[in-house]
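Input: a single structure, listed below in structure tokens.
Taken together, the values in this text are just the output of simple stated rules run on the coordinates, not laboratory data. Small disclaimer: the values here were computed from a predicted structure and weren't measured. No Cβ is skipped: glycine too gets one built from the backbone with ideal geometry, and neighbour counts run over all protein chains shown.
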Amino acid sequence: MTLDLVIQQLVNGLIVGSFYALIALGYSMVFGVIKLLNFAHGDIYMSGAFVGLIVFSFVGVWVGNGWAGVVCALLVSMLAVGLLGVVIERFAYRPMRNAPRLSILITALGASMVLNGTALALTGGRHFAFSTDLGFAGLDVSAVHITYTQIVLVAASILLMAGMQAFVSRTMYGKAMRAVSIDMGASRLMGIDVDRVIALTFFMGSALAAGGGVMAGAYYGSVHFFMGFIMGLKAFTAAVIGGIGSVPGAMLGGLLLGLLEAYGSSLPFVGSEWRDVFVFGALILFLVFKPTGLLGRSVVERV
Amino acid sequence: MPAAAQPPLVRRSHLLPALAALGCALVLPHFANAYVTEVATTALLYVVLCLGLNIVVGYAGLLDLGYAAFFAVGAYTTGILTSEFGFNFWLTIPVAMAAACLAGVIIGAPTLRLRSDYLAIVTLGFGEIVRIIARNLDITGGASGLVGIERPEILGFKLMQVQHFYYAFLTLALLAVFVCLSVERSRMGRAWFYVRYDEDAAAGIGINRVSAKLQAYMMGAVIASVAGCLYAAKMTAISPESFTFNQSLLILLGVVLGGMGRIPGVVLGAILVALLPEVLRGAGTYRPLVTAVALLAIMLFRPNGLWPDKRG
């Protein structure tokens, strides 16, 4: 590998990684509060991309296919899909809160399949073009080309994550969230409206996933009903690498996973199909040797 | 424990319905046309797979989302050994069982110490890894899969027609029921029940949780691999698309639908799952949605399935 290629892959890895980090953050937040793997998270991401596409094609008439359109799509999609997350929590997860663990996991799986199946039924499984006219203009640093789209998307991801970190660490609701994640029963005794905190967490987690979905749609130029499945797995992997339940951990895990993929798929004799094998391999290795992740506290119960 | 203290394998009140069901199953191909026999054969395949997964999910309480991977291990072992190396079909079964055991230990041993959610996601990843490997290796025939898998022969009689495979799968299903009935009331089966009910208490009474879970996981893997061997022989051609995440989900749906941990329930669930594509033939792209809503509705309104286990 030449140095240029190494640097180009570094850039690619960081860009993809910032998407992963964004999705992983939502995963981590929801997991932190209700200790449940939200299988539907990947499909919420996919829903976000579709809602974004619909909004984009409507507002495109007035504001054009440039940045204004993408930002509109991003904001509307985050709001709408955030509410969708709250609805899912209310109808699929809340009734199961005291049910056996296995039932809750299967319910989460069912919620994921319902979103996925709805998207398949509505779209017929077709790929939809998300064609923006953001173009390929950008910066050239020696031989490495970085488009403005990439820069803006990474900046938007960082902004969203920083906002989330500030919210969780500074505000009263953030404090309540952290309290609920430590002990739900005690939080209730302290007068915290646990149901509301959980609903808020779902709203924020889902909105982040939707943001990631719209960005990915605009970046790759296409949206598909199955895009959430693999993303859900990767986001979970990123969350595990960084330490599930930790906000900075999710970001670090996402970036590392992006780099692993970028370098992994540029190895000789390794096709891009094998990329996913690296991801799951990393997941299994981390769970075996360092289940708390790189930045996680020991929230993982070893039972 | 003295033998007299053991409850009978099948309770007397269950004996008559069970025998009646078996009788119907035995004579079915003589009355049904090829289409019905084909669907019934698929149903029996799902009965075997669901009973196998039921050991993992229903008895030991471990959510395995990559169960189709073990089914694939069996199918590909038979496919590769018979078509590339000229093995006799029957000799591939023990090899497949050993391979599934090994795969089960590789995935299960490190992850079964973790919480059940982690196992769920790891098995999901494992299922994908197996599918990607099958798609990308030469020996597995890549994306187009393997063709020309040899049909099995028994005492000079070659299994050819759908009726033959119907009886082969029926035999396998009965074997699986027998294995489940025996392990359910064995020392191991009781250990699984305690582990599922309360892990900490189970550890307190001296059950080795990790090894109990690993045994369940391996036993489920072996049953799926044998089903895979016979499936490969029946189809004579296999491709990675038969072993997707959706396949794992469908098997799980069968287990959940009928009632986790209860053999008649699981058999019923498996049959319903096999009939589902036939009933929903006209639904087209709505089929996954209908399946999903069914799964969700059962979990929310009948969490113990249509025919639940009264033991709790």
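Computed values, structure above
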| quantity | calculated |
| --- | --- |
| Residue-averaged beta-carbon neighbours from other chains (10 angstrom radius) around B:126-136 | 3 |
| Among B:ALA232, B:ALA103, B:ALA72: highest mean-square fluctuation, GNM of chain B, C-alpha pairs under 10 Å | B:ALA103 |
| Estimated inter-spin distance, B:ARG187 and A:ALA186, nm [label 7 Å along Cα→Cβ] | 4.2 nm |
| At R0 = 25 Å, FRET efficiency that the Cβ-Cβ distance of A:ARG196 and A:ALA99 yields, to 0.05 | 0.75 |
| Candidate aspartates and glutamates - alpha carbon under 14 Å from A:LYS175, same-chain residues fewer than 8 apart omitted | A:ASP183, A:ASP193 |
| Rough spin-label spacing in nm, given labels placed 7 Å along Cα→Cβ, for A:LEU139 and A:PHE58 | 3.6 nm |
| Ellipticity estimate at 222 nm from DSSP helix runs (n ≥ 4, -39,500 (n - 2.57)) divided over the protein assembly as shown, nearest 500 | -24000 deg cm²/dmol |
| Cα centre as origin, Lys/Arg/Asp/Glu Cβ charges: the protein assembly as shown dipole, Debye | 1780 debye |
| Inter-label distance, nm, simple model (7 Å from Cα along the C-beta direction), B:ARG151/A:THR147 | 5.5 nm |
| Farthest positive-ward along the range B:156-204 dipole, Cα basis, beta-carbon charges - from B:SER182, B:TYR166, B:TYR197 | B:TYR166 |
| Two-site FRET efficiency, A:PHE91 against B:LEU22, from Cβ-Cβ distance with R₀ of 41 Å, rounded to 0.05 | 0.45 |
| Reach of B:LYS213 by Cα under 23 Å, taken over lysines that are not fewer than 8 positions away in the same chain | A:LYS35, A:LYS290, B:LYS310 |
| Between the range B:215-241 and the range B:34-100, the alpha-carbon center distance in angstrom | 2 Å |
| Contour excess over end-to-end distance, with Cα ends at A:THR171 and A:ALA68 and 0.36 nm allotted per residue | 34.1 nm |
| Net length gained if the chain between B:ASN208 and B:ALA109 were fully extended (0.36 nm per residue, minus Cα distance) | 34.4 nm |
| R0 of 45 Å, Cβ-Cβ distance B:ARG302-B:PHE87: FRET efficiency to nearest 0.05 | 0.50 |
| Among B:ALA274, B:PHE301, B:ILE93 the positive-end extreme of the charge dipole of chain B (Cβ point charges) | B:PHE301 |
| Cβ-placed point charges (K, R +1; D, E -1), dipole of the range B:1-160 about Cα centre in debye, nearest 20 | 440 debye |
| Contour excess over end-to-end distance, with Cα ends at A:GLU273 and A:ALA129 and 0.36 nm allotted per residue | 49.6 nm |
| Of B:ARG131, B:ARG187, B:ARG302, the one that fluctuates the most in a GNM where chain B has Cα springs shorter than 10 Å | B:ARG187 |
